[in-house]
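Trainee: Here it is, the structure in full.
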Amino acid sequence: TYGKETANYAAQGIGQDIVNLFVVVPIFIIAALFAWRGSKLGLLIWSGALFYLAYSYTIYCFGLHFNHLFIAYCMILGLSFYSLIYFVFSSIHENVSEWFEKKVPCISTGIFLIIIAVLFYFIWLSEIIPSILNNTTPKSITESGLLVNPVHVLDVAICLPALIITGIALIKRKNIGFLLAPTMMIFCIFMAVAIAAMVFVMKSKGLAADSGLCAVFGIITLVSGLFLIQYLRKLR
């Protein structure tokens, strides 16, 4: 599958595949079954897994050389994208705030989402801006052998603004904020676990990888999980 990729990028793909297959997909299926039975908890967890899959398989579709799984990548991306649209449009007309008790930690959770977005903006722009000023290519791109880093594109243009918008909407107790806050937190947890797995596989193959990233994303996973549990405990 990754025979055409650089060793560094192939290791990252293997790490993410492991998380997709053994963590995300089982949670996704279980949450879907509960959502189908009318569980709001299942529905919200399902939406977070959908957002993660849509994000990940956008990278698989545009960030890998053509291979025998290309049609599967496209199918997963399409189903995830349209299912996510279905989730938003089927729920947005409900008063989502009534799904929760009154004492939902809106302000703290909203601020947390904004902080995560600002943190990743700082991480990515600290790599992008010096390269632009020096007319060089970021290290992550040269190591992967790509034209651009699709993670930079998705995060800077779409995902990080979505975290900020959701955080602000939740602080203001808007319907869309109540609906998407769990989606964003679950997405952050899955991505942090996936990135940690990428680093682990790279290290296991003797490739250069920052072990400190595992610790950083471990902390992000833990804190995101605590905020998520605190938030979902307020579901009626």
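The values are calculated or read from the model by the stated rules, or taken from the named source; none is laboratory data. In this text, all values refer to a predicted model and were calculated from it rather than measured experimentally. No Cβ is skipped: glycine too gets one built from the backbone with ideal geometry, and neighbour counts run over all protein chains shown. The area values use the complete protein model at the heavy-atom level, side chains included, leaving out ligands, DNA and RNA. Shrake-Rupley method; radii C 1.70, N 1.55, O 1.52, S 1.80 Å.
Trainee: Taking 0.36 nm per intervening residue step and subtracting the Cα-Cα distance, what contour gain separates Arg37 from Val148 on full extension?
Mentor: Residue separation times 0.36 nm, minus the Cα-Cα distance, leaves 35.7 nm.
Trainee: Continuing with this model, one more query. Which order do Asp210, Asp155 take by accessible area at a 1.4 Å probe, largest first?
Mentor: Asp210, Asp155
Trainee: Of the peptides 63-75, 137-149, 168-180, 42-54, how do they stack up when ordered by the mean number of other Cβ atoms within 10 Å, highest first?
Mentor: 42-54, 168-180, 137-149, 63-75
Trainee: With a 1.4 Å probe and every protein chain kept in, tell me what percent of the accessible surface of the chain is carbon plus sulfur.
Mentor: 72 percent
Trainee: Taking 0.36 nm per residue of separation and subtracting the Cα-Cα distance, what length does fully extending Ile29 through Ile107 add?
Mentor: My answer for the length gained is 25.0 nm.
Trainee: Points 7 angstrom from Cα along the Cβ direction at Glu98 and Leu79: gap in nanometres?
Mentor: Using points 7 Å along Cα→Cβ, the separation is 3.4 nm.
Trainee: Also, quick follow-up: Reachable lysines from Lys172, Cα under 30 Å, same-chain residues fewer than 8 places away excluded?
Mentor: Lys40, Lys102, Lys103, Lys234
Trainee: Which lysines have a Cα less than 21 Å from the Cα of Lys4, not counting those fewer than 8 places away in the same chain?
Mentor: Within the straight-line cut-off, Lys4 pairs with Lys139, Lys203, Lys205.
Trainee: Taking a probe of 1.4 Å, how large is the accessible area per residue of the chain, in Å²?
Mentor: For the chain, the per-residue accessible area is 52 Å².
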